[in-house]
1. Between Leu9 and Lys38, take the C-beta separation as r, use R0 = 35 Å, and let me know the FRET efficiency to the nearest 0.05.
2. Can you tell me what the convex hull of the Cα atoms of the chain projects to on average, as an area in nm²?
3. Based solely on its DSSP helices, what 222 nm [θ] is calculated for the chain when runs of n ≥ 4 H residues each add -39,500 (n - 2.57) and the sum is averaged over all residues, nearest 500 deg cm²/dmol?
4. To check my understanding: the extent here is largest minus smallest coordinate of the Cα atoms along each principal axis. What are those three numbers for the range 2-45, in Å, largest first?
Amino acid sequence: MQAAHDAGLSYERIAEALGIRSKMLNRWRRRERRLRAKHDAQRSATPAPEAEFAAVRVPLSVSGFVVYGPAGLRIEGLSLADVVDLCRRLA
């Protein structure tokens, strides 16, 4: 919408092209401005977090797929062939 306006179209023409009333388009624009202002205020009020990354070692023995099912069912360590076979049997 803003790009069309920047290209020279009036907001009335943009609303017409969208098939809506200009009043509705103006509501959208006001809402967008409010949300953007709120977002900018929150962003400037929130201090930038310090890096909280930590090195993680993943054991090489951990491999395979994990399948989750209903009621907390969890099957770990399946190969791709096991997953395909399981899906075929459940189908």
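Just so you know, all these numbers are worked out from the coordinates, no wet-lab data involved. This one's a predicted model, so the numbers in the text were calculated from it and none came from an experiment. All Cβ positions, even for glycine, are placed from backbone atoms using ideal geometry, and neighbour counts span all protein chains on display.
1. 0.80
2. Mean projected area of the Cα convex hull: 14.2 nm².
3. -16500 deg cm²/dmol
4. 39, 21, 11
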